[in-house]
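The values are calculated or read from the model by the stated rules, or taken from the named source; none is laboratory data. The structure displayed is predicted, hence computed values, not measured ones. Cβ placement follows ideal geometry from the backbone for every residue including glycine, while neighbour counts extend to all protein chains displayed.
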Amino acid sequence: MPIELSRTGGGIVICTVAGKLVRSDYERFSSRFDGMLQQHGKLRVLFEMKDFHGWEPSALWDEIKFDIKHSNDVERLAMVGGKQWERELAVFSEPFTAAPVRYFDLSGLAAAMKWLDEAKAAPATA
């Protein structure tokens, strides 16, 4: 499957994408994400791009709609990739979420997880 979704516990979700995403990928992904959101509330998301080739046009539109719908449901977003356009995607994603977004190279996967985990220990602000 081009999108794999797993949970590490405590509200951290790992979303691994590979290949080229199509609309049906989002239909499966969206319902699973919504279930995790209902169970845990705000989530911290690790978006890992492995051999990722982007989206078909209809899937890109689904991605944008998903991001807008969940703009306040993500506490932190760590994007992990290895290509320049993936780094730029992190910057492009910022207006679609209220969460802090940070990019990590593939070699920084452990640092990305640590950054997401820090959110659990951070005190809530009023």
Of the conditions (1) modelled with pLDDT under 95; (2) surrounded by 15 or more Cβ atoms within 10 Å (Cβ to Cβ); (3) of a type in the set (A, V, I, L, M, F, W, C), L106 satisfies every one except a single condition; which number is it?
(2)
If a residue must be surrounded by 14 or more Cβ atoms within 10 Å (Cβ to Cβ) and not hydrophobic (A, V, I, L, M, F, W, C), how many such residues does segment 84-99 contain?
4
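Rundown of residues vs (1) crowded, with 19+ Cβ neighbours inside 10 Å; (2) charged (D, E, K, R), yes/no style:
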| site | (1), (2) |
| --- | --- |
| I12 | yes, no |
| G35 | no, no |
| E48 | yes, yes |
| L60 | no, no |
| I68 | no, no |
| S71 | no, no |
Given the options W55, W61, name the one that is of a type in the set (A, V, I, L, M, F, W, C) and either out of contact with any helix residue (DSSP H, G or I) (no Cβ under 7 Å at 6 or more places or on another chain) or touching a residue at least 40 places away in the same chain (Cβ under 8 Å) (or both).
W61
Could you list, in sequence order, all residues of segment 105-119 that are out of contact with any strand residue (DSSP E or B) (no Cβ under 6 Å at 6 or more places or on another chain) and either within 23 Å of S30 (Cβ to Cβ) or assigned to a strand (DSSP E or B) (or both)?
D105
